[in-house]
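Below: the structure, in structure tokens.
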Amino acid sequence: MQNNIFNTLKQKYFSTEKRFLGIDYGDVNIGVAISDVGRQIATPYAMLKNKSYKDLFSEIKKIIDDMDVAVVVLGLPLQMNGEEGETAKKVRSFAEKLLEFIPEIEVIFVDERMTSAMSEKMLIRDFDLSRKKRKAILDKVAAAEILQRVLDAF
């Protein structure tokens, strides 16, 4: 099923310069990453506070408009057995509300298992960042990892 989604995206966006936006949803923070126009590289972009949906969606809409985004890639936090738990339900609810607020975008989900753990290990190993500095950027780095998974398949 996931391959069908990627093939559809390839056909639709292959010859455009539309960007993709990655989102790592959290109850407190939302990590945001953006692709380049060639959709090869995901870059950490912003950390947003998960406050009221109206304010949050206004910030996301501004990014989408400013960066010419067509597709939002949302990390879906599956349990280790592959099933959806409560957090995955929150992400799906978030996506539904986002589409109501910004109906012109497409939203796809990608399995985000282990992205935060992988991102944190990379920040420690490659950059030797303190816990405080890691906390300030972890969610947007995880969003970049989520987005990069789609770009690599694209």
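Bear in mind that the values in this text are calculations on the coordinates, not laboratory data. Keep in mind that this is a model prediction, so the values were computed, not measured. Reconstructed Cβ throughout: ideal geometry from the backbone, glycine too, with neighbour counts over all protein chains shown.
Within the shell of other residues whose beta carbon sits under 13 angstrom from the beta carbon of Ser93, the net charge comes to -1, with Lys and Arg scored +1 and Asp and Glu -1. In this simple spin-label model, placing a label point 7 Å from the Cα along the Cα-to-Cβ direction at both Phe154 and Asp55 gives a separation of 3.0 nm. The chymotrypsin sites (Phe, Trp or Tyr not before Pro) of region 35-98 include none that DSSP puts in a loop with a beta carbon having at most 12 other beta carbons within 10 Å. Of Lys18/Lys49; Lys18/Lys61; Lys18/Lys54; Lys51/Lys97; Lys18/Lys140, which sit over 22 Å apart, Cα to Cα? The pairs that break the limit, which is 22 Å between Cα atoms, are Lys18/Lys49; Lys18/Lys54.
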